[in-house]
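The values are calculated or read from the model by the stated rules, or taken from the named source; none is laboratory data. Model, not experiment: these values are computed from the prediction. Positions of Cβ are generated from backbone atoms using ideal geometry, with glycine treated the same way; all protein chains shown enter the neighbour counts. The area values use the complete protein model at the heavy-atom level, side chains included, leaving out ligands, DNA and RNA. Shrake-Rupley method; radii C 1.70, N 1.55, O 1.52, S 1.80 Å.
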Amino acid sequence: MAGLNVDYINPFIEATVNTFTTMCNTTPVRDKVFLKGEGEEVYGVSGIIGLAGEAVGAVVLNFPEGVAISAVSKFVGEEYTTITSSVVDGVGELTNIIAGDAKNRLIQKGYKFEIGLPKMVTGRNYITAQSKSVPCIVVSFASPIGKFCLEVSLRKS
């Protein structure tokens, strides 16, 4: 995992756990951390946030459809049963909260980052691609509502 500063990843892990615990009343536990290979993960809803500053790249929050529906239902206090524009917006908002929290944690460590607005991707059987030149670390989480992943792909600028 050369070239990727663990200092950049831990704030995103902490922010993810914090956001889900406080906003969705469910506590995710870091399951495993691995280097992303050739598109082995398949998702239903992803929130993507670009980062710039000291390092450039992206953070992607990936959910299977059922987990996205459960997370947003808990987040907004309304029951959803299918992927709707409200569920997609909810995932975008959760992604935004996590990125903002992580940015604050990075700033406290002395790093300087700017975060973009989340871009949303939905569908069946798509793969989030990454740049060949930038390692992508996948952090999978287990939670009472199901498994989901956080992908962090950053390189020093």
(request) Please give the number of the condition Ala2 fails out of (1) of a type in the set (A, V, I, L, M, F, W, C); (2) at pLDDT below 95; (3) within 22 Å of Leu117 (Cα to Cα). (result) (3)
(request) Filter the range 104-123 down to residues that are among the charged types (D, E, K, R), farther than 15 Å from Ala15 by Cα and touching a residue at least 60 places away in the same chain (Cβ under 8 Å), then give me how many there are. (result) 2
(request) Could you give me the residue pairs with C-beta distances under 8 Å whose first residue belongs to the range 48-65 and is without any contact (Cβ under 8 Å) to a residue 60 or more places away in the chain and over 16 Å from Ile98 (Cα atoms), whose second residue is crowded, with 23+ Cβ neighbours inside 10 Å and of a type in the set (A, V, I, L, M) wherever it lies, and which are 6+ apart or on separate chains? (result) Glu65/Val45
(request) For the range 51-84, name all the residues that are at pLDDT below 90 and surrounded by fewer than 17 Cβ atoms within 10 Å (Cβ to Cβ). (result) Ala52, Gly53, Glu54, Val56
(request) Please specify each residue of the range 85-96 satisfying the condition of being open to solvent by 50 Å² or more (accessible area, probe 1.4 Å) and among the hydroxyl-bearing types (Ser, Thr, Tyr). (result) Ser85, Ser86
(request) Please verify whether the range 31-51 includes one or more residues that are out of contact with any His (no Cβ under 7 Å at 6 or more places or on another chain) and assigned to a helix (DSSP H, G or I). (result) no
(request) Report, by residue number, each residue of the range 129-145 that is farther than 13 Å from Val60 by Cβ, surrounded by fewer than 18 Cβ atoms within 10 Å (Cβ to Cβ) and at pLDDT below 95. (result) Lys132, Ser133
